Amino acid sequence: MVTAIVNAIAGAFSSGGLAGIALRMVWESLLAMVLKMNWKVVIERAVSRLVVRGLHGLASMKTNDLTRETVSDILEQMGEKRLPKLKEANDVLNKKHDPG
């Protein structure tokens, strides 16, 4: 009896069962979405945000001479190189660090 139940469950999720077909369809849909993404843009934006956070982190440390104005100048120059999300990330961090 237990063997029959196990075989029924296994058959439902095999490639021939309805659940197996639905699972395969969901898997292929997710795979298509992941492959369709422009990973170059995703990586560029992630790295840009890390650079902004790193520069602001360095500027907030008291062990160096990097000032917020220097960070703003560096990020402004980088923003001129067609990195639009860099300005947005910088604005968000500036709002967090401004006391006013």
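The values are calculated or read from the model by the stated rules, or taken from the named source; none is laboratory data. This is a predicted model, so every value here is computed, not measured.
The condition of being at pLDDT below 75, more than 27 Å from the chain's Cα centre (by Cα), part of a helix (DSSP H, G or I) and not β-branched (V, I, T) holds for only one of N7, N94, that being N7.
Among the numbered conditions (1) modelled with pLDDT of 85 or more; (2) not in a helix (DSSP H, G or I), the only one that K81 does not meet is (1).
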